[in-house]
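Trainee: Quick one: this structure, given as structure tokens, is what I'll be asking you about.
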Amino acid sequence: MKAIVYTQHGLPITDANSLLDTDLPQPTPGPRDLLVEVRAVSVNPVDTKIRIGAPAKEPRVLGWDAAGVVRAVGSGVTLFKAGDEVFYAGSITRPGSNSELHLVDERIVGAKPRSLGYADAAAIPLTAITAWELLFDRLAVPENGGDGKRLLIIGAAGGVGSMLVQLARKLTRLTVIGTASRKQTQQWVSELGAHHVIDHSQPLPEQLQKIGLANVDIVISLTHTDQHYAQIVEVLAPQGQFALIDDPATLDAVPLKRKSISLHWELMFTRSMFETPDMIRQHQLLQRVSSLIDEGVIRTTLGEHFGRINADNLRRAHALIETGRARGKVVLEGF
């Protein structure tokens, strides 16, 4: 099968050897596995972080978003059958989805939204899982709850932010404030449903005051947390909640004590990595997201389509992701 791999970590994405086209043996499903014919993938910051920082003892396939068709199932599979259209983010402990055929545990897979093509569907899983777990699992905001509370999302125009804005606006009563630094991305965040949009390249407290808010109850930081941390502590109300997904070199929790601010860290791979007893929750939430899309409640966050799935186009996609200026998700389709 065709696949795109890296063999040497740390190479700049401008290096032709940073991602390579190759052929690999077809994988064989384990008991809980689906063998999926991959039709489309999307690219996330995790792809670039692993390519740069994780040594590869053998050719490693990246990619943690896919939409495709089930071609075979393992002996213990009960949720899907051959021919089913699916979408999922996969597990960071297994080969990624940048290959014609891919193995994934059925417990972290959802039925592809019927109303979407493969490219639009591939834009959704990783960011939808991350956003859902942040809002409803880590922060424990009740669905249709949060009345009177204010949520600030830092980096709201990216993949996770684009889904988080929609979920918070459509499924809760929170007042949603998103941040974006360019006119184009600010308009995107507004169109996704944010009540207010402010610029994270400018001081946050003053901008919140201009829209009549002295503070916020929840901050979700999706990028450059280390740059915004002091302001996050300042704008959070006493007994507020702070959640993040990125990887600051250090995070000093001491400043949170004075206001009794709780700290929540989200990694959507935790359930699959440790095969937690509630691992199937990711199947269930993807099923719900699929229904919400088909009902027109939320929409795909596809930002740009970069063409076929090959090394050249994936290098272009990685390069854009590394700028931190992507709007929504970058998707590739077909081998």
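The values are calculated or read from the model by the stated rules, or taken from the named source; none is laboratory data. Computed from a predicted model, the values in this text were never measured in an experiment. FYI the Cβ positions are ideal-geometry reconstructions off the backbone, even for glycines, and counts take in every protein chain you see. Ligands, DNA and RNA are excluded from the accessible area calculation, which covers all protein heavy atoms including side chains. Shrake-Rupley method; radii C 1.70, N 1.55, O 1.52, S 1.80 Å.
Trainee: Quick check on my filter: what residues within the range 145-170 are under 12 Å from G193 (Cβ atoms), open to solvent by 10 Å² or more (accessible area, probe 1.4 Å) and free of Cβ contacts under 8 Å to residues at least 40 places away in the same chain?
Mentor: Correct list: R169 only.
Trainee: Give the range 97-106 a look and list any residue that's under 18 Å from the mean Cα position of the chain (by Cα) and either surrounded by fewer than 20 Cβ atoms within 10 Å (Cβ to Cβ) or not in a loop (DSSP other than H, G, I, E, B) (or both), or say none.
Mentor: Taking the range 97-106 first, the residues under 18 Å from the mean Cα position of the chain (by Cα) are 97-98, 104.
Residue satisfying the conditions is V104 alone.
Trainee: Does R299 satisfy the criteria of being open to solvent by 50 Å² or more (accessible area, probe 1.4 Å), in contact with a strand residue (DSSP E or B) (Cβ under 9 Å, 6 or more places away or on another chain), among the charged types (D, E, K, R) and not in a strand (DSSP E or B)? Before you say what the answer is, go through the steps one by one.
Mentor: Numbers: open to solvent by 50 Å² or more (accessible area, probe 1.4 Å): yes; in contact with a strand residue (DSSP E or B) (Cβ under 9 Å, 6 or more places away or on another chain): no; among the charged types (D, E, K, R): yes; not in a strand (DSSP E or B): yes.
So R299 fails the test.
Trainee: Spot the failing condition for L285; the list is (1) assigned to a helix (DSSP H, G or I); (2) over 14 Å from the mean Cα position of the chain (by Cα), and only one is missed.
Mentor: The failed condition is (2).
Trainee: Give me the pairs: first residue in the range 251-273 and free of Cβ contacts under 8 Å to residues at least 40 places away in the same chain and in a helix (DSSP H, G or I), second residue open to solvent by less than 50 Å² (accessible area, probe 1.4 Å) and of a type in the set (A, V, I, L, M), beta-carbon distance under 8 Å, and six or more apart or on different chains, which are they?
Mentor: Close Cβ pairs satisfying both conditions: P255/V233; L256/V233.
Trainee: Additional query: Which of the residues spanning the range 311-328 are assigned to a loop (DSSP other than H, G, I, E, B) and open to solvent by 50 Å² or more (accessible area, probe 1.4 Å)?
Mentor: First, the residues of the range 311-328 that are assigned to a loop (DSSP other than H, G, I, E, B): 324-328.
G324, R325, R327 - these are the residues of the range 311-328 that are assigned to a loop (DSSP other than H, G, I, E, B) and open to solvent by 50 Å² or more (accessible area, probe 1.4 Å).
Trainee: Further question: Filter the range 2-14 down to the residues that are open to solvent by less than 50 Å² (accessible area, probe 1.4 Å), out of contact with any Gly (no Cβ under 9 Å at 6 or more places or on another chain) and either of a type in the set (S, T, N, Q) or assigned to a loop (DSSP other than H, G, I, E, B) (or both) and list them by number.
Mentor: L11, I13, listed by residue number.
Trainee: Still on this structure: Which of the following residues is open to solvent by 10 Å² or more (accessible area, probe 1.4 Å), in contact (Cβ under 8 Å) with a residue 40 or more places away in the chain and within 19 Å of T270 (Cβ to Cβ): R94, R114, R39, R32? Spell out how you get there, then give the answer.
Mentor: Values: R94 fails: in contact (Cβ under 8 Å) with a residue 40 or more places away in the chain; R114 fails: within 19 Å of T270 (Cβ to Cβ); R39 fails: within 19 Å of T270 (Cβ to Cβ).
When all the criteria are applied, what remains is R32.
Trainee: Consider I232 against the criteria (1) touching a residue at least 40 places away in the same chain (Cβ under 8 Å); (2) under 13 Å from A157 (Cβ atoms); (3) in contact with a Ser or Thr (Cβ under 9 Å, 6 or more places away or on another chain); (4) of a type in the set (V, I, T): it satisfies all of them except one. Which criterion is unmet?
Mentor: Against the list (1) touching a residue at least 40 places away in the same chain (Cβ under 8 Å); (2) under 13 Å from A157 (Cβ atoms); (3) in contact with a Ser or Thr (Cβ under 9 Å, 6 or more places away or on another chain); (4) of a type in the set (V, I, T), I232 comes up short only on (2).
Trainee: Here's another thing I want to ask about it. If we scan the range 240-249, do we find a residue that is among the aliphatic types (A, V, I, L, M), at pLDDT 95 or above and farther than 26 Å from G90 by Cα? Lay out the reasoning, then the answer.
Mentor: Going through the range 240-249, the residues among the aliphatic types (A, V, I, L, M) turn out to be 243-245, 249.
Filter again for at pLDDT 95 or above, leaving 243-245.
Restricting the remaining residues to those that are farther than 26 Å from G90 by Cα gives none.
Checked against the condition, which is being among the aliphatic types (A, V, I, L, M), at pLDDT 95 or above and farther than 26 Å from G90 by Cα, the range 240-249 yields no hits at all.
Trainee: Can you name the helices (runs of 4 or more DSSP H) wholly within the range 152-232 that have at least 3 residues being among the aliphatic types (A, V, I, L, M) and under 19 Å from P125 (Cα atoms)? Before the answer, list the steps.
Mentor: Working: elements: 159-171, 183-192, 204-210.
Filter on the range 152-232 gives 159-171.
Trainee: Just checking, which of S260, S290 is exposed (fewer than 14 other Cβ atoms within 10 Å of the Cβ), touching a Pro at 6+ places or on another chain (Cβ under 7 Å) and at pLDDT 95 or above?
Mentor: S260
Trainee: Something else now. Just to be sure I understand, how many residues within the range 40-69 are in a strand (DSSP E or B) and of a type outside the set (V, I, T)? Please lay out each step first, then the result.
Mentor: Within the range 40-69, the subset in a strand (DSSP E or B) is 40-43, 60-61, 66-69.
Next, only the ones that are of a type outside the set (V, I, T) stay: 40, 42, 60, 66-68.
Final tally of qualifying residues: 6.
Trainee: Is it the case that some residue within the range 127-142 is on the phi < 0 side of the Ramachandran plot, surrounded by fewer than 19 Cβ atoms within 10 Å (Cβ to Cβ), in contact (Cβ under 8 Å) with a residue 60 or more places away in the chain and of a type in the set (S, T, N, Q)?
Mentor: no
Trainee: I'm told G240 meets every condition in (1) in contact with a strand residue (DSSP E or B) (Cβ under 8 Å, 6 or more places away or on another chain); (2) in contact (Cβ under 8 Å) with a residue 12 or more places away in the chain; (3) under 28 Å from R327 (Cβ atoms); (4) not acidic (D, E) except one. Can you identify the failing condition by its number?
Mentor: (3)
Trainee: Has the range 75-90 got any residue that is polar (S, T, N, Q), touching a Pro at 6+ places or on another chain (Cβ under 9 Å) and either surrounded by fewer than 24 Cβ atoms within 10 Å (Cβ to Cβ) or within 18 Å of L164 (Cβ to Cβ) (or both)? Even if it seems obvious, please write down each step before you answer.
Mentor: The first filter runs over the range 75-90 and keeps only residues polar (S, T, N, Q), leaving 75, 78.
With the extra rule that they be touching a Pro at 6+ places or on another chain (Cβ under 9 Å), the set shrinks to 75.
From the residues that got through so far, the ones that are either surrounded by fewer than 24 Cβ atoms within 10 Å (Cβ to Cβ) or within 18 Å of L164 (Cβ to Cβ) (or both) too are 75.
Checked the range 75-90: at least one residue is polar (S, T, N, Q), touching a Pro at 6+ places or on another chain (Cβ under 9 Å) and either surrounded by fewer than 24 Cβ atoms within 10 Å (Cβ to Cβ) or within 18 Å of L164 (Cβ to Cβ) (or both).
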